[in-house]
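Worksheet: one structure, shown below.
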Amino acid sequence: MTVVIWVCATLLAVAAVLVVVRLTTGPTMLNRMVAMDVLIAIVVAGLGLEAALNQHATTLPILVVLSLVGFVGSVSVARFAARDDKGERA
Amino acid sequence: MTTVVEIASAVCLIAGSSLSLIAAIGLLRFPDLLSRMHAGTKPQVLGLLLILVGVGLRLRDWTDLGMLLAVAMFQLLTAPVSAHMIGRAAYRHDAVRADTLVVDELTPTLDDVGKG
Amino acid sequence: MSSPETPGAVPKRRRRLQWPILVWLTVVWALLWGDFSVANIAAGLVVALVVVVVFPLPPIVFGGKVRPVGLLRLIGRFVVDLIVASGQVARQALSIGRPPMSAVIQVDLRSRSDLYLTLTAELLSLVPGSLVVEVRRSTSTLFLHVLGVHDEADVERARRDALVQEERVVRALASDEELAAYRRAREGDPR
(Lines give C-alpha, C1' and ligand atoms only; values in the text may rest on other atoms or scores of the structure.)
Protein backbone atom coordinates (compact mmCIF):
# COMPACT_ATOMS: atom_id res chain seq x y z
CA MET A 1 0.00 0.00 0.00
CA THR A 2 2.84 2.38 0.81
CA VAL A 3 4.25 1.96 -2.71
CA VAL A 4 0.84 2.70 -4.24
CA ILE A 5 0.51 5.87 -2.22
CA TRP A 6 3.95 7.09 -3.20
CA VAL A 7 3.15 6.49 -6.86
CA CYS A 8 -0.05 8.52 -6.40
CA ALA A 9 1.85 11.25 -4.59
CA THR A 10 4.31 11.49 -7.49
CA LEU A 11 1.45 11.77 -10.01
CA LEU A 12 -0.16 14.51 -7.94
CA ALA A 13 3.13 16.36 -7.51
CA VAL A 14 3.71 16.44 -11.29
CA ALA A 15 0.12 17.57 -11.75
CA ALA A 16 0.61 20.36 -9.21
CA VAL A 17 3.74 21.59 -11.00
CA LEU A 18 1.90 21.70 -14.35
CA VAL A 19 -0.99 23.58 -12.76
CA VAL A 20 1.40 26.10 -11.22
CA VAL A 21 2.84 26.69 -14.70
CA ARG A 22 -0.64 27.55 -15.95
CA LEU A 23 -1.19 29.64 -12.84
CA THR A 24 1.86 31.78 -13.56
CA THR A 25 1.42 32.08 -17.33
CA GLY A 26 -2.23 33.02 -17.00
CA PRO A 27 -2.92 34.92 -19.18
CA THR A 28 -6.08 36.24 -17.50
CA MET A 29 -7.55 36.26 -14.04
CA LEU A 30 -10.15 33.70 -15.10
CA ASN A 31 -7.48 31.32 -16.41
CA ARG A 32 -5.68 31.59 -13.09
CA MET A 33 -8.91 30.94 -11.26
CA VAL A 34 -9.49 27.71 -13.18
CA ALA A 35 -5.92 26.68 -12.39
CA MET A 36 -6.54 27.58 -8.74
CA ASP A 37 -9.61 25.34 -8.68
CA VAL A 38 -7.61 22.41 -10.00
CA LEU A 39 -4.80 23.13 -7.54
CA ILE A 40 -7.25 23.07 -4.64
CA ALA A 41 -8.62 19.74 -5.88
CA ILE A 42 -5.06 18.40 -6.02
CA VAL A 43 -4.41 19.58 -2.46
CA VAL A 44 -7.63 17.87 -1.33
CA ALA A 45 -6.48 14.69 -3.08
CA GLY A 46 -3.05 14.95 -1.46
CA LEU A 47 -4.48 15.35 2.03
CA GLY A 48 -6.76 12.39 1.34
CA LEU A 49 -3.78 10.29 0.30
CA GLU A 50 -1.95 11.19 3.48
CA ALA A 51 -4.99 10.20 5.53
CA ALA A 52 -5.09 6.87 3.65
CA LEU A 53 -1.37 6.26 4.18
CA ASN A 54 -1.40 6.83 7.92
CA GLN A 55 -4.98 5.65 8.40
CA HIS A 56 -6.12 8.60 10.46
CA ALA A 57 -8.96 11.08 10.00
CA THR A 58 -7.44 14.21 11.50
CA THR A 59 -7.26 16.03 8.18
CA LEU A 60 -10.76 15.19 6.93
CA PRO A 61 -12.36 18.42 8.27
CA ILE A 62 -9.75 20.34 6.26
CA LEU A 63 -10.98 18.57 3.13
CA VAL A 64 -14.53 19.71 3.85
CA VAL A 65 -13.45 23.31 4.37
CA LEU A 66 -11.25 23.36 1.25
CA SER A 67 -13.98 21.95 -0.96
CA LEU A 68 -16.28 24.76 0.20
CA VAL A 69 -13.84 27.67 0.22
CA GLY A 70 -12.42 26.94 -3.23
CA PHE A 71 -15.89 27.32 -4.64
CA VAL A 72 -16.52 30.64 -2.92
CA GLY A 73 -13.22 31.94 -4.29
CA SER A 74 -13.88 31.18 -7.93
CA VAL A 75 -17.45 32.47 -7.80
CA SER A 76 -16.42 35.80 -6.28
CA VAL A 77 -13.60 36.23 -8.79
CA ALA A 78 -15.94 35.44 -11.66
CA ARG A 79 -18.45 37.90 -10.26
CA PHE A 80 -16.28 40.84 -9.28
CA ALA A 81 -12.66 40.65 -10.39
CA ALA A 82 -13.25 39.46 -13.94
CA ARG A 83 -14.16 42.90 -15.20
CA ASP A 84 -10.52 43.97 -14.92
CA ASP A 85 -9.82 41.53 -17.73
CA LYS A 86 -11.87 43.32 -20.29
CA GLY A 87 -9.02 44.33 -22.59
CA GLU A 88 -7.13 41.05 -22.28
CA ARG A 89 -7.79 38.06 -24.51
CA ALA A 90 -7.72 34.50 -23.23
CA MET B 1 -11.59 -9.94 2.24
CA THR B 2 -9.30 -7.26 3.59
CA THR B 3 -6.88 -7.79 0.69
CA VAL B 4 -9.69 -7.30 -1.84
CA VAL B 5 -10.68 -4.02 -0.20
CA GLU B 6 -7.06 -2.88 -0.08
CA ILE B 7 -6.61 -3.63 -3.78
CA ALA B 8 -9.84 -1.84 -4.68
CA SER B 9 -8.69 1.12 -2.62
CA ALA B 10 -5.29 1.14 -4.36
CA VAL B 11 -6.93 1.01 -7.81
CA CYS B 12 -9.20 3.95 -6.91
CA LEU B 13 -6.31 6.01 -5.57
CA ILE B 14 -4.11 5.41 -8.62
CA ALA B 15 -6.94 6.07 -11.08
CA GLY B 16 -7.89 9.25 -9.24
CA SER B 17 -4.32 10.55 -9.15
CA SER B 18 -3.87 9.76 -12.86
CA LEU B 19 -7.02 11.72 -13.68
CA SER B 20 -5.69 14.66 -11.68
CA LEU B 21 -2.48 14.55 -13.72
CA ILE B 22 -4.47 14.37 -16.96
CA ALA B 23 -6.53 17.35 -15.82
CA ALA B 24 -3.33 19.30 -15.27
CA ILE B 25 -1.98 18.30 -18.70
CA GLY B 26 -5.22 19.36 -20.36
CA LEU B 27 -5.18 22.62 -18.44
CA LEU B 28 -1.75 23.34 -19.84
CA ARG B 29 -2.33 22.20 -23.42
CA PHE B 30 -5.81 23.31 -24.40
CA PRO B 31 -5.96 26.49 -26.45
CA ASP B 32 -8.64 28.61 -24.80
CA LEU B 33 -10.24 29.22 -21.44
CA LEU B 34 -13.43 27.22 -21.96
CA SER B 35 -11.57 24.14 -23.23
CA ARG B 36 -9.25 24.42 -20.26
CA MET B 37 -12.25 24.42 -17.99
CA HIS B 38 -13.38 21.12 -19.49
CA ALA B 39 -9.96 19.67 -18.79
CA GLY B 40 -9.70 21.20 -15.36
CA THR B 41 -13.05 20.77 -13.74
CA LYS B 42 -14.29 17.56 -15.30
CA PRO B 43 -11.73 14.74 -15.05
CA GLN B 44 -11.07 16.38 -11.73
CA VAL B 45 -14.61 15.67 -10.49
CA LEU B 46 -14.23 11.96 -11.21
CA GLY B 47 -10.60 11.98 -10.05
CA LEU B 48 -11.43 13.48 -6.71
CA LEU B 49 -14.42 11.17 -6.23
CA LEU B 50 -12.22 8.14 -6.93
CA ILE B 51 -9.63 9.32 -4.42
CA LEU B 52 -12.33 9.87 -1.80
CA VAL B 53 -13.66 6.35 -2.44
CA GLY B 54 -10.13 5.02 -2.12
CA VAL B 55 -9.60 6.82 1.18
CA GLY B 56 -13.02 5.66 2.43
CA LEU B 57 -12.21 2.03 1.62
CA ARG B 58 -8.98 2.36 3.54
CA LEU B 59 -10.35 4.09 6.63
CA ARG B 60 -13.54 2.01 6.94
CA ASP B 61 -15.09 4.09 9.70
CA TRP B 62 -18.64 5.42 9.60
CA THR B 63 -17.81 8.87 10.94
CA ASP B 64 -15.05 9.33 8.39
CA LEU B 65 -17.26 8.00 5.60
CA GLY B 66 -19.85 10.64 6.49
CA MET B 67 -17.23 13.34 6.27
CA LEU B 68 -15.96 12.03 2.91
CA LEU B 69 -19.54 11.87 1.67
CA ALA B 70 -19.96 15.53 2.63
CA VAL B 71 -16.83 16.45 0.65
CA ALA B 72 -18.11 14.51 -2.38
CA MET B 73 -21.53 16.16 -2.16
CA PHE B 74 -20.11 19.66 -1.88
CA GLN B 75 -17.89 18.93 -4.84
CA LEU B 76 -20.78 17.70 -6.98
CA LEU B 77 -22.99 20.63 -5.98
CA THR B 78 -20.45 23.41 -6.32
CA ALA B 79 -18.34 22.36 -9.33
CA PRO B 80 -21.06 23.17 -11.90
CA VAL B 81 -21.85 26.48 -10.21
CA SER B 82 -18.29 27.77 -10.28
CA ALA B 83 -17.79 26.38 -13.80
CA HIS B 84 -20.89 28.20 -14.97
CA MET B 85 -19.90 31.45 -13.28
CA ILE B 86 -16.43 31.42 -14.82
CA GLY B 87 -17.71 30.35 -18.25
CA ARG B 88 -20.34 33.05 -18.20
CA ALA B 89 -17.86 35.72 -17.09
CA ALA B 90 -15.47 34.59 -19.83
CA TYR B 91 -18.17 34.93 -22.44
CA ARG B 92 -19.37 38.27 -21.20
CA HIS B 93 -15.85 39.67 -21.07
CA ASP B 94 -15.03 38.63 -24.57
CA ALA B 95 -12.40 36.16 -23.46
CA VAL B 96 -13.55 33.47 -25.88
CA ARG B 97 -11.48 32.72 -28.97
CA ALA B 98 -13.72 32.54 -32.00
CA ASP B 99 -11.19 30.60 -34.09
CA THR B 100 -11.54 27.42 -32.04
CA LEU B 101 -15.32 27.36 -32.31
CA VAL B 102 -17.04 25.39 -35.05
CA VAL B 103 -20.43 26.92 -34.32
CA ASP B 104 -21.30 29.83 -32.08
CA GLU B 105 -24.99 30.21 -31.46
CA LEU B 106 -24.71 32.45 -28.42
CA THR B 107 -22.99 35.63 -29.57
CA PRO B 108 -25.81 36.68 -31.94
CA THR B 109 -28.37 36.34 -29.17
CA LEU B 110 -26.29 37.56 -26.25
CA ASP B 111 -27.78 41.05 -26.27
CA ASP B 112 -31.28 39.88 -25.46
CA VAL B 113 -30.39 37.15 -22.97
CA GLY B 114 -32.37 37.78 -19.82
CA LYS B 115 -30.53 39.17 -16.85
CA GLY B 116 -32.39 36.95 -14.36
CA MET C 1 -46.21 24.98 -18.73
CA SER C 2 -45.62 25.24 -15.03
CA SER C 3 -48.43 24.84 -12.61
CA PRO C 4 -50.73 27.86 -12.25
CA GLU C 5 -49.53 30.43 -9.78
CA THR C 6 -51.78 32.65 -7.75
CA PRO C 7 -50.38 35.30 -5.41
CA GLY C 8 -52.02 33.75 -2.38
CA ALA C 9 -50.49 30.35 -2.99
CA VAL C 10 -46.89 31.42 -2.62
CA PRO C 11 -46.55 31.74 1.17
CA LYS C 12 -48.16 28.37 1.66
CA ARG C 13 -45.75 26.78 -0.78
CA ARG C 14 -42.84 28.44 0.99
CA ARG C 15 -43.91 27.10 4.34
CA ARG C 16 -44.36 23.64 2.93
CA LEU C 17 -40.97 23.60 1.29
CA GLN C 18 -39.06 24.45 4.46
CA TRP C 19 -39.12 20.89 5.67
CA PRO C 20 -36.84 19.34 3.05
CA ILE C 21 -34.34 22.18 3.46
CA LEU C 22 -34.49 21.81 7.25
CA VAL C 23 -33.84 18.08 7.05
CA TRP C 24 -31.06 18.57 4.50
CA LEU C 25 -29.28 21.21 6.61
CA THR C 26 -29.53 19.02 9.69
CA VAL C 27 -28.05 16.06 7.83
CA VAL C 28 -25.14 18.22 6.62
CA TRP C 29 -24.59 19.45 10.18
CA ALA C 30 -24.49 15.90 11.50
CA LEU C 31 -22.16 14.81 8.70
CA LEU C 32 -19.80 17.67 9.45
CA TRP C 33 -19.68 16.86 13.14
CA GLY C 34 -19.49 13.17 12.33
CA ASP C 35 -21.84 12.51 15.20
CA PHE C 36 -25.43 11.26 14.93
CA SER C 37 -26.36 11.56 18.61
CA VAL C 38 -29.75 13.01 19.62
CA ALA C 39 -28.21 16.13 21.18
CA ASN C 40 -26.17 16.88 18.06
CA ILE C 41 -29.14 16.41 15.75
CA ALA C 42 -31.22 18.70 17.96
CA ALA C 43 -28.47 21.33 17.81
CA GLY C 44 -28.33 20.94 14.03
CA LEU C 45 -32.08 21.35 13.82
CA VAL C 46 -31.89 24.62 15.76
CA VAL C 47 -29.13 25.97 13.51
CA ALA C 48 -31.04 24.87 10.41
CA LEU C 49 -34.16 26.60 11.70
CA VAL C 50 -32.27 29.85 12.25
CA VAL C 51 -30.75 29.62 8.75
CA VAL C 52 -34.11 28.97 7.13
CA VAL C 53 -35.81 31.82 9.01
CA VAL C 54 -33.03 34.39 8.56
CA PHE C 55 -32.15 33.53 4.94
CA PRO C 56 -35.39 32.42 3.28
CA LEU C 57 -34.94 31.15 -0.27
CA PRO C 58 -37.38 31.82 -3.07
CA PRO C 59 -39.80 28.92 -3.27
CA ILE C 60 -39.02 26.24 -5.82
CA VAL C 61 -42.12 24.70 -7.28
CA PHE C 62 -41.88 20.95 -7.06
CA GLY C 63 -45.23 19.49 -8.00
CA GLY C 64 -43.84 16.18 -9.12
CA LYS C 65 -43.22 12.84 -7.53
CA VAL C 66 -40.12 10.73 -7.27
CA ARG C 67 -40.17 7.77 -9.63
CA PRO C 68 -37.68 5.18 -8.36
CA VAL C 69 -37.05 3.49 -11.73
CA GLY C 70 -36.52 6.78 -13.51
CA LEU C 71 -34.31 8.06 -10.71
CA LEU C 72 -32.16 4.93 -10.78
CA ARG C 73 -31.83 5.23 -14.54
CA LEU C 74 -30.88 8.91 -14.17
CA ILE C 75 -28.19 8.19 -11.58
CA GLY C 76 -26.86 5.09 -13.31
CA ARG C 77 -26.66 6.79 -16.67
CA PHE C 78 -24.98 9.80 -15.04
CA VAL C 79 -22.23 7.65 -13.53
CA VAL C 80 -21.65 5.90 -16.88
CA ASP C 81 -21.59 9.28 -18.69
CA LEU C 82 -19.15 10.67 -16.13
CA ILE C 83 -16.71 7.79 -16.64
CA VAL C 84 -17.00 7.59 -20.45
CA ALA C 85 -16.76 11.34 -20.96
CA SER C 86 -13.83 11.67 -18.53
CA GLY C 87 -12.06 9.14 -20.71
CA GLN C 88 -12.83 11.16 -23.84
CA VAL C 89 -11.56 14.43 -22.39
CA ALA C 90 -8.49 12.58 -21.10
CA ARG C 91 -7.80 11.26 -24.60
CA GLN C 92 -8.18 14.73 -26.06
CA ALA C 93 -5.81 16.13 -23.45
CA LEU C 94 -3.17 13.51 -24.19
CA SER C 95 -3.50 13.21 -27.98
CA ILE C 96 -0.67 14.69 -29.98
CA GLY C 97 -1.48 17.15 -32.72
CA ARG C 98 -4.01 19.88 -33.06
CA PRO C 99 -6.03 20.77 -29.99
CA PRO C 100 -9.71 19.87 -30.19
CA MET C 101 -12.26 22.23 -31.68
CA SER C 102 -15.38 23.16 -29.78
CA ALA C 103 -18.75 24.80 -30.30
CA VAL C 104 -21.30 26.87 -28.46
CA ILE C 105 -24.78 25.54 -29.12
CA GLN C 106 -28.26 26.58 -28.15
CA VAL C 107 -30.54 23.95 -26.63
CA ASP C 108 -34.21 24.76 -26.13
CA LEU C 109 -35.43 22.54 -23.33
CA ARG C 110 -38.99 21.33 -23.53
CA SER C 111 -40.12 21.54 -19.94
CA ARG C 112 -40.80 24.91 -18.36
CA SER C 113 -39.85 24.13 -14.78
CA ASP C 114 -37.00 25.96 -13.05
CA LEU C 115 -36.20 22.83 -11.09
CA TYR C 116 -35.73 20.60 -14.13
CA LEU C 117 -33.82 23.37 -15.88
CA THR C 118 -31.44 23.62 -12.93
CA LEU C 119 -31.00 19.88 -12.55
CA THR C 120 -30.40 19.37 -16.27
CA ALA C 121 -27.86 22.20 -16.30
CA GLU C 122 -26.07 20.80 -13.23
CA LEU C 123 -25.85 17.31 -14.67
CA LEU C 124 -24.73 18.56 -18.08
CA SER C 125 -22.04 20.67 -16.45
CA LEU C 126 -20.74 17.77 -14.38
CA VAL C 127 -20.43 15.47 -17.37
CA PRO C 128 -17.17 16.29 -19.17
CA GLY C 129 -17.33 17.70 -22.65
CA SER C 130 -20.25 20.01 -22.05
CA LEU C 131 -20.47 23.18 -20.01
CA VAL C 132 -23.40 25.52 -19.47
CA VAL C 133 -22.25 29.01 -20.42
CA GLU C 134 -25.52 30.89 -20.33
CA VAL C 135 -29.10 30.25 -19.31
CA ARG C 136 -32.18 32.04 -20.52
CA ARG C 137 -34.78 31.26 -17.94
CA SER C 138 -37.80 32.76 -19.69
CA THR C 139 -37.62 30.24 -22.54
CA SER C 140 -35.77 27.42 -20.71
CA THR C 141 -32.84 27.75 -23.06
CA LEU C 142 -29.36 26.54 -22.27
CA PHE C 143 -26.23 27.58 -24.13
CA LEU C 144 -23.67 24.80 -23.98
CA HIS C 145 -19.99 24.88 -24.74
CA VAL C 146 -19.12 21.46 -26.16
CA LEU C 147 -15.60 20.15 -26.51
CA GLY C 148 -14.45 17.96 -29.39
CA VAL C 149 -16.89 19.10 -32.05
CA HIS C 150 -15.77 18.84 -35.67
CA ASP C 151 -18.84 19.16 -37.87
CA GLU C 152 -22.56 19.74 -37.97
CA ALA C 153 -23.29 16.09 -37.07
CA ASP C 154 -21.38 16.46 -33.79
CA VAL C 155 -23.38 19.59 -33.01
CA GLU C 156 -26.67 17.80 -33.56
CA ARG C 157 -25.50 14.85 -31.46
CA ALA C 158 -24.60 17.16 -28.57
CA ARG C 159 -27.99 18.85 -28.81
CA ARG C 160 -29.77 15.51 -28.79
CA ASP C 161 -27.71 14.29 -25.82
CA ALA C 162 -28.71 17.38 -23.83
CA LEU C 163 -32.38 16.85 -24.61
CA VAL C 164 -32.14 13.16 -23.65
CA GLN C 165 -30.56 14.23 -20.35
CA GLU C 166 -33.53 16.52 -19.74
CA GLU C 167 -35.90 13.70 -20.58
CA ARG C 168 -34.27 11.47 -17.97
CA VAL C 169 -34.62 14.22 -15.35
CA VAL C 170 -38.30 14.72 -16.20
CA ARG C 171 -38.97 10.98 -16.19
CA ALA C 172 -37.36 10.69 -12.77
CA LEU C 173 -39.22 13.50 -11.04
CA ALA C 174 -42.20 14.84 -12.97
CA SER C 175 -45.84 14.47 -11.98
CA ASP C 176 -48.28 12.85 -14.41
CA GLU C 177 -49.50 16.21 -15.77
CA GLU C 178 -45.97 17.51 -16.21
CA LEU C 179 -44.98 14.32 -18.00
CA ALA C 180 -47.97 14.60 -20.32
CA ALA C 181 -47.13 18.26 -21.04
CA TYR C 182 -43.56 17.24 -21.69
CA ARG C 183 -44.65 14.54 -24.13
CA ARG C 184 -46.83 17.04 -26.00
CA ALA C 185 -43.90 19.46 -26.19
CA ARG C 186 -41.69 16.71 -27.53
CA GLU C 187 -44.15 15.70 -30.23
CA GLY C 188 -44.38 19.30 -31.36
CA ASP C 189 -40.60 19.33 -31.71
CA PRO C 190 -39.22 17.45 -34.73
CA ARG C 191 -35.83 16.65 -33.14
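The values are calculated or read from the model by the stated rules, or taken from the named source; none is laboratory data. On a predicted model such as this, the values are computed, not experimentally measured, just so you know. All Cβ positions, glycine included, derive from the backbone under ideal geometry; neighbour counts span all protein chains shown. What goes into the accessible areas is simple: the full protein's heavy atoms, side chains included, and nothing from ligands, DNA or RNA. Shrake-Rupley method; radii C 1.70, N 1.55, O 1.52, S 1.80 Å.
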- Message: What does the buried accessible surface come to for C and B, summed over both chains, with the probe at 1.4 Å? Round to 100 Å².
- Response: 3900
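In what order, largest first, do C:Val84, B:Val45 sit by accessible area if the probe radius is 1.4 Å?
Sorted by accessible area, descending: C:Val84, B:Val45.
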- Query: segment A:1-27 to segment C:115-132: how many Å between their Cα centroids?
  - Reply: 28
- Query: Taking a label point 7 Å from the Cα of A:Thr2 along the Cα→Cβ vector, which residues of segment B:7-23 have an amide N closer than 18 Å to it?
  - Reply: B:7, B:10
- Heavy-atom accessible area of C:Thr139, protein chains in place, probe 1.4 angstrom, given in Å² to nearest 10, is 50
- Task: Could you check the simple spin-label distance between A:Ile62 and C:Ile41, using points 7 Å along Cα→Cβ, in nm with one decimal?
- Result: 3.2
- Total accessible surface hidden between B and A, rounded to 100 Å², 1.4 Å probe: 4100
- Could you compute the FRET efficiency for C:Trp19 and C:Val79, with r as their C-beta to C-beta distance and R0 at 25 Å, rounded to 0.05? 0.30
- Item | Residue-level accessible surface for A:Leu23, protein heavy atoms, 1.4 Å, Å² | 40
- Order B:Trp62, C:Trp29, C:Trp24, most accessible first, counting only protein heavy atoms with a 1.4 angstrom probe. B:Trp62, C:Trp24, C:Trp29
- Task: Order the following by accessible area, largest value first: B:Thr63, C:Thr26. Probe radius 1.4 Å; ligands, DNA and RNA are ignored.
- Result: B:Thr63, C:Thr26
- Task: Heavy atoms only, probe 1.4 Å: what % of the accessible area of chain A goes to carbon and sulfur, would you let me know?
- Result: 73
- Message: Need one number: nm distance between label points at C:Asp114 and B:Trp62, each 7 Å from Cα along Cα→Cβ, rounded to one decimal.
- Response: 3.8
- Query: Between rounded, prolate and oblate, where does segment A:2-85 land on the alpha carbon gyration tensor, with a ≥ b ≥ c its root eigenvalues, rounded for a/c under 1.5, else prolate if a/b exceeds b/c?
  - Reply: oblate
- May I ask you to give the solvent-accessible area per residue for chain A, in square angstrom, as obtained with a 1.4 angstrom probe? 46
- Message: Give me the 1.4 Å probe accessible area per residue for segment C:129-191, excluding ligands and nucleic acids, in Å².
- Response: 44
- Query: Accessible area per residue, 1.4 Å probe, Å², for segment B:8-93: what's the number?
  - Reply: 27
